[in-house]
1. Do you know which residues across the stretch 38-85 are hydrophobic (A, V, I, L, M, F, W, C), part of a loop (DSSP other than H, G, I, E, B) and within 26 Å of the chain's Cα centre (by Cα)?
2. Suppose we keep only residues that are in contact (Cβ under 8 Å) with a residue 60 or more places away in the chain and not in a strand (DSSP E or B) within the stretch 103-124. Which one would you say is farthest from THR44 (Cα to Cα)?
3. Mind checking which residues of the stretch 44-96 are at pLDDT below 95 and either polar (S, T, N, Q) or not assigned by TED's automatic domain parsing to the domain that holds THR147 (or both)?
4. Out of (1) surrounded by 19 or more Cβ atoms within 10 Å (Cβ to Cβ); (2) within 14 Å of the chain's Cα centre (by Cα); (3) of a type in the set (D, E, K, R), what's the single condition that is false for GLU139?
5. Mind listing just one residue for me: the one in the stretch 86-102 that is aliphatic (A, V, I, L, M) and part of a loop (DSSP other than H, G, I, E, B) and, of those, farthest from ILE142 (Cα to Cα)?
6. Only residues that are part of a loop (DSSP other than H, G, I, E, B) and touching a residue at least 60 places away in the same chain (Cβ under 8 Å): list them for the stretch 132-164, please.
Amino acid sequence: MKTQVKAIAVLGLALVAGLSSCKKDEDLVPTPPPTENEGEVITTMTLTFVDDAGVQPTVTATFRDPDGEGGLAPDIFDTIRLQNNTVYNCSITLTNETLTPAEDITAEVLAEAVDHIFCFSPSGADVSIVRTDSDGTFEIGIESQWTAGAAGNGTTTVSLKHQPGTKDGTCVPGETDIEVNFVTEVQ
């Protein structure tokens, strides 16, 4: 009987030793850190409007804050001036000028399209905006169509939302990479 108890004890110790050695092997294999999809640093946003009918001149509106958020005030902050009763195709260009050379963030946003959406909120000005590009499931907004109605003034807030793993086609989830409130004039 003592021999059986001794054999069971030795077997139990061997089993514990074997399991702990497996644990040590697992500990030797490093676990890669989770990939983090950080927000973008954007110092410049340029909106370029091309008249859908090819009649009106191209309109460009730029917001530029070369030292980034905080610090000095923007050195360029244009007004969006659109012709009434006109449809425009708009494209947005984003740049990070804190780096030398400046980095084209538009390409990065497009590469990570499943994590980004532009949000447009006109107020006061008779402007309606529809995103015209897609990540295959949801709209992005780097490309959009703006319809300027009756003459009048207001503002248009343009925001880039960063929504890694949470993009649902709305502007609710995620963090804001950049938000600019452009004065908007429909002439």
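1. Those that are hydrophobic (A, V, I, L, M, F, W, C), part of a loop (DSSP other than H, G, I, E, B) and within 26 Å of the chain's Cα centre (by Cα): VAL41, ILE42, LEU72, ALA73.
2. Looking at residues that are in contact (Cβ under 8 Å) with a residue 60 or more places away in the chain and not in a strand (DSSP E or B), I get GLY124.
3. GLN56, ASN96
4. Every listed condition holds for GLU139 apart from (1).
5. Here the residue is LEU99.
6. Going residue by residue through the stretch 132-164, those that are part of a loop (DSSP other than H, G, I, E, B) are 132-133, 135-138, 140-142, 149-151, 163-164.
Result: GLY149, ALA150, ALA151, PRO164.
The values are calculated or read from the model by the stated rules, or taken from the named source; none is laboratory data. Remember, predicted model here, so these are calculated numbers, not experimental data. Methodologically, a virtual Cβ is constructed for each residue, glycine included, from the backbone with ideal geometry; neighbour enumeration extends over all protein chains shown.
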